[in-house]
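Accompanying notes for the structure given below.
The values are calculated or read from the model by the stated rules, or taken from the named source; none is laboratory data. Everything quoted here is computed from the prediction, not taken from an experiment. Note that we place each Cβ from the backbone using ideal geometry, even for glycine, and neighbour counts take in every protein chain shown.
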Amino acid sequence: MNVPMLDLSEQYQTLKPKMMEVLDDVMSSSRFILGDYVKNLEADVAKYSNVAHGIGCGNGSDAIHIALQAGGIGEGDEVITTAFTFFATGGAVARAGATPVYVDIDPVTFNIDPSKIEEAITEKTKAIIPVHLYGQMADMNAIKEIADKHNLMVVEDAAQAIGAKHNGKSVGELGTAATYSFFPTKNLGAYGDGGMIVTNHDDIAEKSKVIRVHGSKPKYYHHVLGYNSRLDELQAAVLSVKFPLLDQFSEARRERAAFYTEKLNEVVGDHVTTPVEKDGNYHVFHQYTLRVEKRDELQAFLKENGVATMVYYPMPLHIQPVFKELGYKEGDLPLTEKAAKEAISLPMFPELKEEQQLYVVEKIAEFYSK
C-alpha cells in the first residue's frame, strides 16, 4: 500500500463542478485583481476569526512581513519568536529590517514557551510572533499578558491553524494581528499561493491594504515603500468553494488524529509520544506529529514500505546558516534542538482512509518490533 502525506485529488473531484462554476465566473467578469471574490473572502475569514478586518495577500510569508511593517516594526527593532517553525517566520522579521530573537519551546506542544519570553525582552523589543504550530494555538493568554505589560505588538503566525481556538478565543482575537497561509497543503488551501492578515485594529488593516499595493494611496501616489502582494482573484474563488467546508475538514482531521493516537498508543506507546491537545485548546491538526525514537531510521523504513512522512523541521532557525550573524550556536535552545531530532509527521488529510491509517500504524509497530 502507498500512503501519501496529502492527496487532494478526491477532494477536487467532489468540488469540481462548483470550482468550474466560480472560475468561469471570474474569467467571464474579466476582473482578476482585488475583485468581489477577494472582498467576500476577506469579510468571511475576518468574521470566522471574530475580528473586524481581513486583508488578502500574495502568500502567508508576505502576510507576516506586511503585518509587521504595518505595526511599525523595522530597522533596529527586535522580535521574539520561536526557532521551531518554517523559515517564513524568521525570514519575515529579517525582511522587515528587524532582528529575530529566538526562545525555546514547550516540549509538549512544540509552541513557543511563554515563560522564556520575558527574559528575552530588551529595550529594542517591539513584537512577539507566536507560531501556532501543527494546528494548535500557543498559550495566547500568557503571551498577551506579557505583551500588554511591555507594550509589544503580537503577530500570530497561524499559517497552520485556521479554525484553531484557545480557551474559546479564535486565532486573531488575542493578538494585534494574525496571519494565514492558503498554500495548497494547508487546511484551507488554494490552488496556488495565497495568504491573509486578520486584525481588529483599524490602523493595522488600513496600512496593510496600502502596503500590499506598492504602498500607494491613492493609486500612483506612494507615501510608503510597499510590495505587490495581493490575493489573486482566481485563488479567492477557489477558496470561496472550500471555505464553507472548513469546519467539516477540521473535524475530519481531528477524527483521524484521535484514531492514530488510539492505535499507536495501543501498539507502540513505549517508543512514540503522540500529540497532546492542551486543555482549553481546539487543535485542527494541520499535521499529526509524533516524537519518536530513531526518527531517521523510522522514516527510511516507512518510505521503503510506501508510507510518506515529513520532518517539520530538521534544522531550527537559530542555527540556520543565513542567521549565523545572530550568534546562536547548538545547545542554545536545547528543547527546540531535541524536537528537531525526534519529530516526524504522518499522513494527514480529511480524506485519509482508515485502512491507510491502520497500515501506517502496522508499519510503525513492525519497525519497533525489530
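Here is the figure for segment 245-272: residues that are surrounded by fewer than 18 Cβ atoms within 10 Å (Cβ to Cβ) and not in a helix (DSSP H, G or I) total 2.
Can you give me the number of residues within segment 334-363 that are in contact with a helix residue (DSSP H, G or I) (Cβ under 6 Å, 6 or more places away or on another chain) and over 15 Å from VAL272 (Cβ atoms)? The number of residues fulfilling the criteria is 3.
Only one entry of GLY195, GLY215 meets the criterion of being under 22 Å from ARG95 (Cα atoms) and under 16 Å from the mean Cα position of the chain (by Cα), and that entry is GLY195. Scanning segment 105-132 for residues that are touching a residue at least 60 places away in the same chain (Cβ under 8 Å) and surrounded by 24 or more Cβ atoms within 10 Å (Cβ to Cβ) gives ILE105, PHE110, ILE129. Every residue in segment 283-334 that is surrounded by 20 or more Cβ atoms within 10 Å (Cβ to Cβ) and part of a strand (DSSP E or B), please. Once the filter is applied, which keeps residues that are surrounded by 20 or more Cβ atoms within 10 Å (Cβ to Cβ) and part of a strand (DSSP E or B), segment 283-334 yields TYR288, THR289, LEU290, VAL292, VAL307.
Before we move on, is SER30 more than 23 Å from PRO350 (Cα to Cα) and touching a strand residue (DSSP E or B) at 6+ places or on another chain (Cβ under 8 Å)? Judged against the criteria, SER30 is not a match. From the list GLY168, GLY172, GLY226, the lone residue that is at pLDDT below 95, crowded, with 19+ Cβ neighbours inside 10 Å and over 12 Å from the mean Cα position of the chain (by Cα) is GLY172. Only a single criterion out of (1) assigned to a helix (DSSP H, G or I); (2) modelled with pLDDT under 95 is not satisfied by LYS242, namely (2). Scanning for something more than 29 Å from MET140 (Cβ to Cβ), crowded, with 21+ Cβ neighbours inside 10 Å and modelled with pLDDT of 95 or more, does segment 201-221 turn up at least one residue? The answer is no, given that none of the residues of segment 201-221 is more than 29 Å from MET140 (Cβ to Cβ), crowded, with 21+ Cβ neighbours inside 10 Å and modelled with pLDDT of 95 or more. In this structure, THR89 does not satisfy being farther than 21 Å from SER208 by Cα, within 18 Å of the chain's Cα centre (by Cα) and either in contact (Cβ under 8 Å) with a residue 40 or more places away in the chain or in the same structural domain as THR199 (by TED's automatic domain parsing) (or both). Among the residues that make up segment 267-275, is at least one of them charged (D, E, K, R) and modelled with pLDDT of 95 or more? There is no residue in segment 267-275 that is charged (D, E, K, R) and modelled with pLDDT of 95 or more. When only residues in segment 1-50 that are touching a helix residue (DSSP H, G or I) at 6+ places or on another chain (Cβ under 9 Å) and among the acidic types (Asp, Glu) count, which is surrounded by the most Cβ atoms within 10 Å (Cβ to Cβ)? So the residue we want is GLU42.
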